[in-house]
Each structure stands twice: as structure tokens, then as C-alpha cells.
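A.B. asks: I'd like to ask some things about the structure below.
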Amino acid sequence: MAFALPTDATEGDVETQVVAPLLTRAEFLGIQVEKVKSKEFLAAFDIGKGAKQRKGYVPDYSIYELSVPIAAIEVKAPAVPVAEAWEEASLYAHALNKRYSSKINPCEIILATNGIDLVAGRWDNSTPTLTTKVSDLAVGSAALDELRSLMGAAELERLGEIASASLKLVGFKRPFNQGNGPALIASKLEPNTFAADLSPILRRYFSSRDQNSDPEIYKNAYVSSNEVTSYDKILESFLIDRLSRSRSRIEIQTTKKRADEISKRLSDLATNKSPSGELQLITGGVGSGKSLFSRRYKEYLQPKNLEDSSHWAFLDFNFAPDVLADAQDWICSQFAKSVIEEGAPIDLRDPDDQERVFATNLEDRAAFYQRMDRAEPGRGLLEQARDLEGWRQQPVELAKGMARHLQGDRGEVVIVVFDNVDRRDVENQLAAFQLALWFMDQMRCLVILQMRDTTFEAHKNERPLDTYKTGQIFHISPPRFIDVVKRRLELSLKEIEAQAPKTIRYTTPKGMSISYSKDRAGDFLRGVYLELFSRPNNVSRVLEGLAGRNVRKALDMFMAIITSGHMPEDLITNVASGKQIRNFPEYLVLRILMRQDYRFFNENSGFVSNLFYSGRN
């Protein structure tokens, strides 16, 4: 490759036609593009003295390794002597190195060129180490080899490691990592005394655990799409813009009793059964409510005709093997267990049901049993019993037999939900998709696969998702933080009224004994809710932003706030004595979100992370 410049070349032409390819092309210096910083990124220094002084000088480029500036590069037009560019780059390197302590000089290399001539060398040399014509820097030339040895990618990385190591404090240890510091940092606070006695009730409604298995939650705590309140205008416009990018999917709309779009789809699939089964994708963000919707749909929203003719199974991938590539046996065993738990009329301990489930297998072996009977009367029944027990112990054969019996003999529909797949990493989500295709084909059933929307959008044109490009996709958008918390709050207040003792007592850390009626507990929860979401402050926006439309995370955050041991004692005491919560400061909410139930903040303590945290010593 030759570095070609027009006859009237400018400094910009030299930058784009000579310097950029020289620095980044693999056949030349091979420096990664992201390590080459232009002057917009760099700090300006005053260089030179007297008449030659320049205020606020910045070189054209600098090369960074491990966040340390290693090289300064100055570019001039062909009409400008290259010596002028060398002097400016050298003065800049000296000014930059003066910013560091003595004996630490990170900016080691200087390169200057006008597109015709090129010079390069060390910052502390008054003359360049290399002087050459740009036209001589051909691949395989001695000039290029010398330049590579001076500032090729490998050499700059080496210099960067040396500079970075010299900037680290030797033997430095953070004070809180000395003595009993680590134990103190890891220590936790007890829940605030006001909420301690109510903890079982609060955890039932505000913990994200087990919410899909609690009928009270999926019946009464679900926020239908027609009940979701609007965001403020700024956030609303952002969300609408996000949604507008994915027009191919169908947004699931629900009321308290119906979910028409998906009901029509499932009814069509149930009526027009495919001989090879069907797969239905439901996408959404992490914690958007896909699992809760699936459970609620099965229990309360599916139309009567589908309810009467369908059998459901829920496979919870939270408990699946770490690697899903070969999880066929796990899937089949979980299906057999779940479909019975969900009400399928099969009792695997009943001999007649065993024969119904494995009827096809028995028919295939009928001739064998007859031969055994002819050889030895009764031997055929013995072999049949052995076969039945063997098939019952084989997960794939058992699942096939149960699916065939329910769909073939009984003429009903089997719907299998691959639940919580979105909680797995991308590789396992894609593996779960392949498993869903396999299971659908083997069992001839309808599989509902929950997948993270970002995973589908990023990989929909790649294997294996490209096989679903023409399939119909349903999408679930989560309700707002405020709507979820409000609904759970209403239910928890009813539960407190029904279950909590009439009088609740606690002792403050200062030893004061306080008693209050259970009505005050409701006042406490209402007060926290109103302070967080109804007062004119930024707290509600902070919480909405941190939750990131993740309902599970939203619930965990609110639970952390109302049970936190960081809740001020005087605030709790005032509520217990009949006063309303006033001035719930933002800093307190942020402290709780950062520390949760830990005494002090640490990298694993809460919902807010420290971007500047370093795990070293």
C-alpha cells in the first residue's frame, strides 16, 4: 500500500491518508483504534517560551495504554517543515510528564509527520531516533521495521504496563481492610423494629420470591395493562421511542378477566393441532412479569373452551442444570411431575393408568409377549410388567407416553411453559430455545417459551432463532413501579387487619418500650408510600430508574426500604405515637438502596453500585 496524497494536500489529508492507516492498519503499526485519541479528547498545555510560546496547545493524536498516555503525535501539512511538528510534540510530552511525580514519565514516544517526512523517537531525546520518508514505509521495509520496534502495538502495550505499574501505590491498603474492618463492612443490621413483627406479611406481598406459586399474588396482585398509570412526559416519550423500534411483535393487553390476543392465538393452535407441535414465544425484559402472567393466564384468563380441553405444565428453569445443552431428561421428568400437579388425570402408581400411558409401547411389543406366553404360561405378563416399570423410569419415554395419552386418547391439548428462561445467560437462553423445539417435536404439544426481549432482538437472524423469524411473538411490558407497589400495599393492609395482633410492641435501641395498634402499622406503610411516590421530589424517578422496569427488582427495593434498619428511630416512634411521616429525605432512601440490610456500603450491599470501586486491597 502506498500513502497517496493530492498535490494540494492539507493537514487533514495527511491525518486521514497517512497517519490513520499507519497507526491502525495491521500491516503497519496495528494499534487498536479505540486507543488512538484525537485532540478533542486531550488536555491542553501551554508550551514553549517567549515568542514561540503557545497557549492551550493540544497534539493531533495521543495513544493511550491502560488509561495512560504513552505517545504524542503531531501532524502538519506538507508545506510545513517536519521539525516544527517534532518540536511541538516534544514540548507537549515534557509538559505532560511534568504532571506526574519524579521518575514517572508515561509519555515515552513522539511521532511527527507532514505527510512527506516522518520522524519518531523518545521524549527525552533532543533529536529523533528515526528519520524517514513516508514513501519508504512500505510493508517489509527496514524503515517500517524500525518504526514498529519503536512504537508498534506490542511495544506500546509493554510501555503502558510499565507506566501503569509505576503509578500504583506500593503496599497501599485501604483502612477499612485492616484489622476488623472487613468483618465490620460485612456486618448487617436487624430490620427496623416497627416492621420486624410484620415481616412475614410484608415478605409475602413485597418479596419477589415465590410470587408465581402464591394464588393470592397471581389472583389479586397482578396489575393488568388497562390499570397501568402513565409515566411523566419525558420518560413516556423515551419508552414510546423504544417500543416503536419493534413493530413485529404483539403487545399483550390484559384486563382483570381477559387476555384476548393470546387467547385467540392459543385457541387457534389448540383447534388446528399441528402434527409436529407448536412453539409460542413470549418476550419481555427481565422481571417484566412473564412468569406471573403465564400463571395468571392459566388460572384465571384462559377462555372456558381452552380451560376444559387443556392440560398445563410449568418447567422452572431456575432449577435447571447449569448447562442446558443436554437437559432433555430434566425437561421430561419435570414435565411428567408438573402436568400431574396441575391436574392431569394420570396416576402413575395405578396399573391401569400405566397401561394407558404406554399403550403404544405395549402394542409394539404385543407379539413378543405372546411368544413368551407360548414358551411359558404367564411369562408374557411378567415381561410386560418389567417393560412398564422400565419405561416409567425413562424420563423421555414417560413424557412421550403421557403427552400421547392426553392428546391422542383423550383428544385434549398439552401446553408446556418454559418458565424463567429469561433469568439464564444468553447462551442458555438459546439452548432453551433448541430444547423447546426438540420437546415440541417429540411430544407434539404446544410449548410457550419465555425469552428476554434483548436476547431475541440481538440473535433473531442467527441460529437457532432464525427458524422462528416468521413466527408470532407476544411481548409483555411491565407495569410501573408505583402501580405494583400500590396494589401490593392494598393487599398487605388487608392482611395486617386480618392477621396481625391488635397491639404490637417493640423496644427502641435506646431501651424505650413502645406499643401501638395494628392500625399504626398501616399508617406507617401508607406514609412511606406517600412520601416516596406522592410528594413533589425526585425519589420516585430515582426508584423508577433503578428498577429499570424490572418488577422483581422494584418489589425487592420497596421491601428493603420499609424493613430497613437504617430507618430513623424518631421517624418510627412518631408514627407509632400517631403522627404522620413527614420529610422522608432523599438521602435516606439512597442510603437504604446502597446499603440495604448492611451496616455500611460495600460492593455487594444494595441496588446502587460504586462506579469507582476497585477490588484491590
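A.B. asks: For the chain, I need the span (max minus min coordinate) of the C-alpha atoms along each principal axis, in Å, sorted largest to smallest.
C.D. replies: If we take the Cα atoms of the chain, the spans are 107, 80, 50 Å.
A.B. asks: OK, next. With a 1.4 Å probe and all protein chains in place, put Asp322, Asp466 in order of accessible area, largest first.
C.D. replies: Ranking Asp322, Asp466 by accessible area, largest first, yields Asp322, Asp466.
A.B. asks: Using 0.36 nm per residue of separation minus the Cα-Cα distance, give me the extension gain between Thr7 and Asp597 in nm, one decimal.
C.D. replies: Going from the current span to full extension adds 205.4 nm.
A.B. asks: Right, here's the next one. Before anything else, pin down the relative contact order of the chain: Cα pairs under 8 Å, at least 6 apart, normalised by residue count, whole percent.
C.D. replies: For the chain, the relative contact order is 15 percent.
A.B. asks: Taking 0.36 nm per residue of sequence separation and subtracting the Cα-Cα distance, how much length would be gained by fully extending the chain between Asp441 and Glu190, in nm to one decimal?
C.D. replies: 85.2 nm
A.B. asks: Moving on. Can you give me the Cα centroid spacing of the range 271-289 and the range 372-393 in angstrom?
C.D. replies: When both Cα centres are located, 40 Å separates them.
A.B. asks: Take the range 361-510, compute every pairwise Cα distance, and split them into 5 Å bins from 0; I just need the percent in each bin.
C.D. replies: Going out from 0 Å in 5 Å bins, the range 361-510 shows 2, 7, 10, 11, 10, 9, 9, 8, 9, 7, 6, 5, 3, 2, 1, 1, 0, 0 percent.
A.B. asks: Still on this structure, I have one more. So what does the Cα-only Debye profile of the range 411-494 read at q = 0.12, 0.27 Å⁻¹, as log10 I(q)/I(0), no solvent term?
C.D. replies: For the range 411-494 at q = 0.12, 0.27 Å⁻¹, log10 I(q)/I(0) is -0.49, -1.41.
A.B. asks: Can you pull a Stokes-Einstein diffusion coefficient for the range 329-396 at 4 °C (1.567 mPa s), Rh from Kirkwood over Cα pairs, as a whole number of µm²/s? Spell out each step's value before the answer.
C.D. replies: Values: Rh = 13.1 Å.
Translational diffusion coefficient: 99 µm²/s.
A.B. asks: Any idea what the alpha-carbon Rg over 2.2 N^0.38 Å comes to for the range 55-160?
C.D. replies: Working: Rg = 13.4 Å, N = 106, 2.2 N^0.38 = 12.9 Å.
Taking the Cα Rg and dividing by 2.2 N^0.38 Å, one obtains 1.04.
A.B. asks: Ignoring ligands, DNA and RNA, what percent of the 1.4 Å accessible area of the chain is carbon and sulfur?
C.D. replies: Here it works out to 50 percent.
A.B. asks: Further, regarding this structure: How large is the translational diffusion coefficient of the range 360-419 in µm² per second when you combine the Kirkwood radius over alpha carbon pairs with Stokes-Einstein at 10 °C and 1.306 mPa s?
C.D. replies: 121 µm²/s
A.B. asks: Among the listed pairs Lys264/Lys298; Lys264/Lys337; Lys219/Lys290; Lys298/Lys337; Lys494/Lys518; Lys188/Lys502, give every one whose C-alpha distance is greater than 20 Å. If you can, show how the numbers build up before the last one.
C.D. replies: Details: Lys264/Lys298 14 Å; Lys264/Lys337 28 Å; Lys219/Lys290 15 Å; Lys298/Lys337 17 Å; Lys494/Lys518 11 Å; Lys188/Lys502 30 Å.
In this structure, Lys264/Lys337; Lys188/Lys502 lie more than 20 Å apart at Cα.
A.B. asks: In the full protein assembly as shown, how much of Phe600 is accessible to a 1.4 Å probe, in Å² to the nearest 10?
C.D. replies: Rounded to the nearest 10, that gives 80 Å².
A.B. asks: With a probe of 1.4 Å, find how much accessible area the range 89-134 has per residue, and write the answer as a whole number in Å². Don't skip to the answer; put the middle values down first.
C.D. replies: Numbers: 2060 Å² over 46 residues.
I get 45 Å² per residue for the range 89-134.
A.B. asks: Quick check on packing: order 75-84, 268-277, 104-113 by the mean number of other C-beta atoms within 10 Å, highest mean leading.
C.D. replies: 104-113, 75-84, 268-277
A.B. asks: Using protein chains only and a probe of 1.4 angstrom, how many square angstrom of Asp8 are accessible, to the nearest 10?
C.D. replies: That residue has around 120 Å² of solvent-accessible surface.
A.B. asks: Shifting gears a bit: Could you tell me the distance between the Cα centroids of the range 14-87 and the range 95-150, to the nearest Å?
C.D. replies: 11 Å
A.B. asks: Here's something else I'd like to know. Can you list the DSSP H helices in the chain whose Cα atoms extend at least 24 Å along the helix axis and whose mean Kyte-Doolittle hydropathy is -0.5 or higher?
C.D. replies: Passing helices, by number: 426-443, 481-499.
A.B. asks: With equal scatterers on the alpha carbons only and no solvent term, can you work out the Debye log10 of I(q)/I(0) for the range 1-128 at 0.13, 0.16, 0.17, 0.21 1/Å?
C.D. replies: -0.51, -0.78, -0.88, -1.32
A.B. asks: Which number comes out as Rg/Rh for the range 14-79 once both Rg and the Kirkwood Rh are worked out on C-alpha atoms?
C.D. replies: When Rh is taken as the Kirkwood radius, the ratio is 1.02.
A.B. asks: Let me ask you something else. Report the label-to-label distance for Ser309 and Gln53 in nanometres (one decimal), using points 7 Å from each Cα along the Cα→Cβ vector.
C.D. replies: Computed distance between label sites Ser309 and Gln53 equals 9.1 nm.
A.B. asks: What is the dipole size for the range 94-188, taken about its Cα centre, with +1 at each Lys and Arg Cβ and -1 at each Asp and Glu Cβ, in debye to the nearest 20? Write out the running numbers ahead of the final one.
C.D. replies: Values: 11 positive and 9 negative charges, 174 e Å.
The calculation lands at about 840 debye.
A.B. asks: Ignoring everything but the protein chains, give the 1.4 Å probe accessible area of Lys494 in square angstrom, nearest 10.
C.D. replies: Roll a 1.4 Å probe over it and Lys494 shows about 140 Å².
A.B. asks: Can you compute the helix-only [θ] at 222 nm over the chain? Use -39500 (n - 2.57) per DSSP H run of at least 4 residues, normalise by all residues, nearest 500 deg cm²/dmol.
C.D. replies: So the calculated ellipticity at 222 nm is -13000 deg cm²/dmol.
A.B. asks: Counting only protein chains, not ligands or nucleic acids, how are Tyr57, Tyr100 ordered by accessible area (probe 1.4 Å), most first? Show your work: numbers first, answer last.
C.D. replies: Values: Tyr57 5, Tyr100 70 Å².
Highest to lowest solvent-accessible surface, that is Tyr100, Tyr57.
The values are calculated or read from the model by the stated rules, or taken from the named source; none is laboratory data. It should be emphasised that the depicted structure is a prediction, and the values quoted were computed from it without experimental measurement. Reconstructed Cβ throughout: ideal geometry from the backbone, glycine too, with neighbour counts over all protein chains shown. Please note that ligands, DNA and RNA were not included when accessible areas were found on the heavy atoms of the full protein model with its side chains. Shrake-Rupley method; radii C 1.70, N 1.55, O 1.52, S 1.80 Å.
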